[in-house]
Structure formats: C-alpha cells, structure tokens
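Dropping the structure in here first, questions after.
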Amino acid sequence: MIRGVKGSLLAAVSLAFAGCAASGTSAQSAGDKPAASAEKPVKFNKDPYPSTYHAYAGRPTAVRGVTIFDGEGGRIDNGVALFADGKVVSIGGPDTAIPAGYDVVDGTGKYLTPGVIDIHSHLGVYPSPSVDAHSDGNEATSPTTPEVWAEHSVWPQDPGFSRALANGGVTSLQILPGSANLIGGRSVVLKNVPARTVQGMKFPGAPYGMKMACGENPKRVYGSKGRMPSTRMGNFAVDRATWAKAAAYKKKLDEGKPVDRDLAMETLAGVLSGEILVQNHCYRADEMAQVIDMSHEFGYKVSAFHHAVEAYKIADVLAKEGICAAIWADWWGFKMEAYDSVPENIALVYKAGACTIVHSDDENQIQRLNQEAAKGLAAGRRMGMQISDEQAWTWLSYNPAKALGIADKTGSLKPGKMADVVLWNGNPFSVYTRPEKVWIDGALMFDATDPKRRPVSDFELGQPGEGDVK
Amino acid sequence: MMRALLLSAAALIAAPVAAQDVAITNARLVIGDGSAPIEGGTVVVRGGKIVAAGAGVAVPAGIERVDAGGHWVTPGIVAAFSRVGLVEVDAVQGSNDRSARRSRFSAGIDIAPALNPMGSPVAVNRAAGVTRAIVAPGDSSGLFAGQGAVVDLGDDNDMVTRPRALQFIEFGEGGSSNAGGSRAATFLMFREQLLAARSYARNPATLAEWGSDALIQRADADALVRVINGTTPLFVRVDRAADILNVLKLKGEFPALKLVLVGATEGWLVAREIAAAKVPVLVSPLSDLPASFERLGATQSNAGRLEAAGVDVSVGVFDDDDAHKMGYTTQYAGNLVALTKLPGASGLSWDQAFAAITSAPARAVGMDGTIGSLRAGRVGDVVIWDNDPLELGSRPTAVWIDGKRQSLVTRQDRLRDRYATPQEGALPKAYDR
C-alpha cells in the first residue's frame, strides 16, 4: 500500500537525462563567466561531467549448447556465443568453432540473451533506504526544470543497482528525474557496474535524455501550491510557452548571436536540435496524441512515451510516428489515468508494429522485467497473437536501446557490440528462472555460483545480511 | 447514452447464481495443504462445500461433471494481507476507504461496511484465481488501525465471509509515528490501551469516569477486549528483528493474544524465536531491499529460512499494490520455487509455495477449517487453470466460489476487445461493445 502511493507519484514524475558525449560540438569550458559579452558565438561544453566508466577485465568466453535470443528477434537453438575484448565476436549454431584460449561455459538447458535495459528507473535518485535525505528525484519547485540533471542526484551506493544486476540481469539503465514537473530535467544512462562516482557508471557515448510529464502529476503538484499548472490545459500552456522561448534561444544560437548562458535553454535547445531525446511520461491516449501535435508544432521528437497505459488505444498512431511505448505488464488502478490499463497492452502495441518496451519505474520490478514481459506475452497469446519468445525479448533490450540512442552499441548480440550478456538458468520467461551469470562489456560482474562475484554497496557493508543472496 | 451505459453495466455484472453441485474430474489436483499434486484427481462440491477431493473419488449420480482435461485444479488463492474491496482508484479519495486518519476511532473501526463487491478490483483479482482475501484497514488516527475481514471475491452483493476477523496494528517505524514518535511510546501506548480496555471490560463505568482523558473510545475498548482474550487475532506489521522479539514478548503480559506477524522482513534473523512462539508470519516475499533502517536484512530467502526453522509462513502481496494486484500472489510464490535452484538461497518447494498462498493464510486467520484447501468441509472455492498456476502465463479457465461458477470477464477485457483494432470503424469506438 505504501508502495502503491509512492509508485503512483513516481509514475507521475519520471524523466531524466543522460550523458551527452556523443554530440560533435566542440567542448570549451564556459567557466563561471557570463557568455553574453562574448564577441564570437559561444560554444558551451556539452559534456562537462564526462564518463569515466571503463570496462573491467574479461576473459575470452564461449557459451555453448545454449538457446540464444539475439535481442533483435532472432533465435539459435543449441547455439554458441563468443565474446572477447569486451565485444560480441559471433553467435552461431552448434558447429561454430571455438577458438583456442576461450573459457568454455556449458549452456545446456540454459538461455543466453542480451542484458536487460531498463529505460525507466529512479535508482540512485530515489535510492534505498528511501529516507528523506535521499529523496533527490523531483526538483518540485518549478513546473519546468530542464536545467537539472539526474546524474547530480544519483547516489552510486544505492543497493538497488546490485539487485537489478543479480536478480534482473539488468546491464544498462536510464535514470530519470521524477514526474512532478512538466519538464523534469536531464536523464542519465548508466552501465550497471558499481563505481565510486556517477561518472564511473555513465554509459560512454549515450545521448542525454530529457524527462517530460503529462497529466495528473504536474497539475496536482503545482495546483496544490496555488500556481500554474492546475489543469491539463495549464500543462500544455506552460509547455508551449517554454518551447516557444527555447525556439527563440536556439534561433539566436543558430544565427551565432550572443546569448546569456541559460542552463534550462541549453537543454531545450539540445532537444530541438535532436541531440537530446525526449522521454515523456504520459498515460492517456488522448494526451499522447496532443503531445505528438505539440512536438510537431515546435519541431522536436518524442523518443518514447513512458507509462503508456493507454498506448493500445492509439497503437497505430505510435507506429506511424515512430514513437516507442514503454509499458508495465499490468499495473493499474493506482490513479485515474491508470484506470484503463489492460494486460494485453504490450502485445497490442507490438502487433500494431510500434516499438514496444517493458519498463519498471520501480526498484523491485526492475529485478524481474523478464517476468513482466512474460506476462504481456502470455496475454497476447491468449488473444491468439503469434509472438515468439525471441521476438518478445526485443522489448527488453533492443527496443529500449533504440529509444535511448545506444542501439548501435548494445541491446543485441551482433558482432562488435558490447558484450552485455546474461546467461539464465532456464527460459527467462519462466517464473522458475534466474540469472546465472551476467557479463558487462565482457567482464563477469555477477555469478550466482560464486559469492565473490556479487557486488555489495558501501551502505550494506557491515549491516545485517551483508553479501547475502538477496 | 443512459441506455447504453445501463446495457454495458448489465453486461459486466453477471446475475448471482445459486450454488451448483459439481464434480470436476480428470484433474491434476492440488489440495492446498502442502501435499503433492494428484494425477487423475476428482473434486466434488455439493451445497457450496467440498465433499471430497482426491484420487478414486466417486462422482455422485446426477451431478454436473466437468472434465478438467488433465489441467491443474486447485483451491482458490487466499490473498494473505490485502485491501481488496476497499479501493477502486488509490488516488481518487472518494473511492479509497483504506485509511481513516481523521477518525476519532481506531481499534473499533470495522471495515465491513466499506467493502465494495461490485468494484472492478474484485473482478480483476477473481479472474486471476483469487477467491478469498484477508482484508485489513490501513491507518487510523490512533495506534490500532481497526478490524479487518475475511472476504470472498464472488460476483454477488455480499463479500464478507467473517467480519472483525482480525485487528491490525503497526509497530516499528509506522507505529512510532502514530504513537508520538518513538518505539518506546508505541509499546507504552499499546499496553495502556489494552489495560484500559481490560478495566472497561471489568467495569464499563470506568470509561465514563475517565471522560476526555480516556485513551480510547467505547467502540475501541470493545474491539480491544476481543484482542486481549484472543477472540480476534492481532495482525502486527513489524520488520526489524529487534522489534519482532519485543512484539513476541507481549504475550508475556497478555498471554491470550493471538499474534500474527505481517512483513517480518528481518524475520529470518530471529526465525528460531518466532518458531518457538508458534506465531504465524505473513511475508511479502520479494522485498529484498533495505527500504528503511528496519529492513536492512531484507532478502528473498526470508520465507524459505523461516519455513526451514519451522515457522508457519504465508505469502502475500502487500509491499506493493495491495488492492489491485492480488494476481501477483502466484507469481511471488513461483519466485520462491525459483530460489530452490539458486546456490545459497532458500526457497520453498512447489507444494510448500502453493500451501503458503492457500491453507497457510487461512490457518493464520484461524479459518483453515473453512477456507484455503480442498479438504472436505471447506468452502467450494475451486479453480481450473490452463497451466501450472505459479507460472507467469497461466490463467484460470473456470472459477467456483462457494460452489457458484463465476464470471471471469473484467472491465479490462471489454477495453481490450474494443481496441483489438485501434482504428475507428464505421462508427466511433463508443458504439463498439
């Protein structure tokens, strides 16, 4: 019950932004000086908190005799997967030659998949223990805060990261600000590898995202403070006024005119120029349709609608627009805009040809996104849809990678991509299955058979149950 | 418009049906008491009650026969700790009767009049195979939350199986905030309120003498008297190992208390003591994060370790949505079976796991003679599943409650069917039903 209330608030408030090393703009430190006086067009450093993540050492590894879902809808039975130097080398059938020097893992009766990618998490910004001192996910002091960056709130010692790894096979995740605000700020994409600093977890080269939110949460949070927005029309008015301002700011930038440095406008201009991806919390079908029009009005693109409970009502529109729907299997009823949830939502969206993602928004459900996908898959099959297990795995790795702008690097087992790989001790769509081994960039970061390959955060050190199976 | 609404409402609500006598044959039969499934089993229901279940059970002449086709047949799931029937939409205050934080009453609150058997959560949970639920109130303004009920999820107008079936209280962090700010205050407040109730029981006039100084209202005192004498089980939310030990000690001063622990996140650290006290435990078993400082030891192995120590463990879904998603009960139980394959982890066998979501919660609330298994004499709550009931894709294909065949159609099914093709047709979607 406590979780239901918290969940509904979080559901309303999630959006964050990820590291932006990918943009080609030259970096030049802006320092503290106002840029307005500059004669030349100012180039701001777009990556002032760069990733220091590095892959840990791995051994060339072959998993053989294993059922492989490649993450893009392909399947190999009795397959062989090879990875080395942090990258996928190849996947193939039983005849695939295993080069000398490879460690060989017997995958008989087991399944191998790309690591799970959760596009919607608040780990680190709403960490465990969930004490007030750790409540860093919503800058709920203004309805638009594009200037805040989730990475400045992430506590890397959140024990939730290790649970997502060990129980959920999660290898990458997007940490979003909450959904109290219409524009919540930038997200950050992380590799799920423990580090002393957030920079040490940042996914190298991932674009930033920007969290937006529709509906009940922003109007409730600000309406209750007696300020705009207090209605859905207020939501749109504030959004549009903000976009109009951003468009003017970007125009000045594009024309090389001097501008005062404005962190909020920098983020919004990044969205308008396509460098920053919009991750939009939005439940209701009619509101998603209006957001789509707003994105056309101001010339940006929504990468994914999150918590898209009513996506099934406009699945054709989402397919046509090329917008992903990130969905729970069966959360419903915790608030009015979650009332029309149906268990077939995932499958209906998939069948309409739209990009389908299973997401968590939750420190517990992130530990079993495979199970959530299995429920959505079963609901679709009960409707008579033909969806294979390997097709359904696209909801957990390739599609979220695509919506995060990292599908060229991870999300499937194509040669040359990051060796982010999970070996499951059975079919991952069975309730009786758990991760046995998880590799990130080819390094073995979790092994159910080896207690020494189980991360323990600083917070849990010396506490009851330290290093337990959890 | 009004006519359309009435019609669609009628389509959603099946007319109540009388209990039928029925024999379900050719079943992979699960009794629910922890015994292994029986192949080729039969269960016979007459007059709304189980008459017999097992292999080689004779089917009485003239009774309706349902061939289960070798599929799983089980007792209905018992939601061990929930708010089913108290909530339609959590964030819509008028539809949410979970808590009563501005009431002047506490222990005396009885949730029965707040239950809504027509609510869509009842139908959705029923379609997931949940036939009974232990329903507790949330917070009151005082230390005790009030009296919960055992309910059925049948599609009829009365869902109360046993009113005032439990009293609920939180110790630990939740309790201390209600008691004034510390655990010490919680234990003192608990003791003083029970002693006041005891004085009242001996001499009802004392309450009037106390006047505005009284710690409790008359209705609260009546309810607490039933707790002191063991008539009403006391469900206690408690998580920290040290708090659990202190709660167990309450039986020293109030020996007739029938304690049931709810949560017990760190129970595994004091499993021997809980077992020795013979106090049942309801766990939400997948809570494995140190969500607070009273849950530092959280692990999914809690249920398995408690069971191994001899504790009577039930599995529920309550550190999550506790009103809408009772269908998660089977999934959570299945996860405990998964742990038996994980090195170093403790889980439950399939048979134990299924008992933990049927007969064990029935026993915890003192009703295992009535609900929670297919043993003779229990209510006729029977489910036929399309597959292993703990597996993720499985669903009931038929459900009986009190021997009555149930509608499994939900509002969600109607929405799904309307939008199976999202495009509008010859007429708007509003005409499509």
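Taken together, the values in this text are just the output of simple stated rules run on the coordinates, not laboratory data. Since we're looking at a predicted model, the values are computed, not measured. Counting neighbours? That spans all protein chains shown, and the Cβs are built from the backbone with ideal geometry, glycine included.
In Å, what is the Rg of the alpha-carbon atoms in the stretch B:288-433, and how long is Dmax?
Radius of gyration, then largest Cα-Cα span, for the stretch B:288-433: 19.4, 65 Å.
Given labels modelled 7 Å from the Cα in the Cβ direction, how far is it in nm from B:TRP210 to A:ARG453?
The two pseudo-label positions are separated by 6.1 nm.
Could you grab the Rg to Rh ratio for chain A? Cα atoms only, Kirkwood for Rh.
Computed over Cα atoms, the ratio is 0.97.
Rank A:PRO415, A:THR356, A:ILE76 by how far each Cα sits towards the positive end of the charge dipole of the protein assembly as shown (+1 on Lys, Arg Cβ; -1 on Asp, Glu Cβ) and give me just the farthest.
A:THR356
Roughly what angle does helix A:285-298 make with the longest principal axis of chain A, taking Cα atoms, 0 to 90 degrees, to the nearest 10?
It is inclined by approximately 60 degrees.
Size of the dipole of the protein assembly as shown about the Cα centre, Lys and Arg at +1 and Asp and Glu at -1 on the beta carbon, nothing else charged, in debye to 20?
The calculated dipole for the protein assembly as shown is roughly 640 debye.
Relative contact order of chain B, please, whole-number percent, based on alpha carbon pairs below 8 angstrom and at least 6 residues apart.
19 percent
Percentage of Cα-Cα pair distances in the stretch B:77-371 greater than 30 Å, rounded to whole percent?
Summing the P(r) tail past 30 Å for the stretch B:77-371 gives 28 percent.
Quick check for the stretch B:77-371: number of Lys pairs with alpha-carbon distance under 23 Å, counting only pairs 8 or more apart or on different chains?
Going through the stretch B:77-371 pair by pair, I get 4.
For the stretch A:247-259, what does the Karplus curve 6.51 cos²θ - 1.76 cosθ + 1.60, with θ = phi - 60°, yield as ³J(HN,Hα) per residue in whole Hz, taken in order and with x for Gly and Pro?
4, 5, 5, 5, 4, 4, 4, 5, 8, x, 7, x, 9
Once phi is turned into ³J(HN,Hα) by the Karplus curve 6.51 cos²θ - 1.76 cosθ + 1.60 with θ = phi - 60°, what whole-Hz value does each residue of the stretch A:329-342 show in order, with x for glycine and proline?
For the stretch A:329-342, the Karplus-derived couplings read 6, 7, 5, 6, x, 7, 8, 4, 6, 10, 7, 9, 5, 10 Hz, x marking Gly and Pro.
Follow-up question, since we're still on this one. Please rank B:ILE401, A:ILE387, fewest neighbouring Cβ atoms within 10 Å first, as an exposure proxy.
Arranged by neighbour count, lowest to highest, B:ILE401, A:ILE387 become A:ILE387, B:ILE401.
Name the residue from A:MET336, A:PRO127, A:GLY215 whose Cα lies farthest towards the positive end of the charge dipole of chain A, charges +1 on Cβ of Lys and Arg and -1 on Cβ of Asp and Glu.
About the Cα centre, the residue reaching furthest to the positive side is A:GLY215.
Given +1 on the Cβ of Lys and Arg, -1 on the Cβ of Asp and Glu, and no further charges, what dipole in debye does the stretch B:77-371 carry about its Cα centre, rounded to the nearest 20?
620 debye
Please name which of B:ASN246, B:GLY146, B:ASN96 has its Cα lying farthest along the dipole of the stretch B:77-371 towards the positive end, using unit charges on Cβ (Lys, Arg +1; Asp, Glu -1) and the Cα centre as origin.
B:ASN246
Non-local amide H neighbours of A:LEU444 (under 5 Å, H modeled in plane, Pro and chain starts lacking H): which ones?
Long-range HN contacts for A:LEU444: A:ARG59.
Starting from 0 in steps of 10 Å, tell me what percent of the Cα-Cα pairs of the protein assembly as shown lands in each bin.
2, 12, 21, 24, 21, 12, 5, 2, 0, 0
Quick one: B:GLU391, B:GLU294, fewest Cβ neighbours within 10 Å first, how do they rank?
Final ranking by Cβ density, sparse to dense: B:GLU391, B:GLU294.
With a 10 Å Cβ neighbour count serving as the proxy for reagent exposure, in which order, fewest first, do A:PHE44, B:PHE190 appear?
Neighbour counts put them in this order, fewest first: A:PHE44, B:PHE190.
Still on this structure, I have one more. Can you list the residues, at least 5 places off or on another chain, whose amide H is less than 5 Å from the amide H of A:GLY185, using H built in the peptide plane?
For A:GLY185, whose amide H was placed from the backbone, the distant partners under 5 Å are A:THR145, A:LYS211.
Something else now. Helix A:263-272 versus the longest principal axis of chain A: what is the Cα-based angle in degrees, 0 to 90, to the nearest 10?
Computed tilt is about 70 degrees.
Here is a further query. With the crude spin-label approximation of a point 7 Å out along Cα→Cβ, what separation in nm comes out for A:GLN199 versus A:ASP132?
3.3 nm
Gaussian network model of chain B, Cα springs within a sub-10 Å range: biggest mean-square fluctuation belongs to which of B:GLY174, B:GLY129, B:GLY372?
Judging by the Gaussian network model, the answer is B:GLY174.
Just to be sure I understand: with springs between alpha-carbon atoms less than 10 Å apart, which residue in B:ARG218, B:ARG126, B:ARG98 has the highest mean-square fluctuation in the Gaussian network model of chain B?
B:ARG218
Return one number: the angle in degrees, 0 to 90 and rounded to the nearest 10, between the long axis of the Cα atoms of helix B:328-339 and the longest principal axis of the Cα atoms of chain B.
80 degrees
While we're here: Along the Cα-to-Cβ line of B:GLU64, 7 Å from the Cα, sits a label point; which residues in the stretch B:142-156 have backbone N less than 11 Å from it?
The answer is none.
Counting helices only, and only those DSSP H runs with n ≥ 4, report the 222 nm mean residue ellipticity of chain B as the sum of -39,500 (n - 2.57) divided by its residues, in deg cm²/dmol to the nearest 500.
It lands at -8000 deg cm²/dmol.
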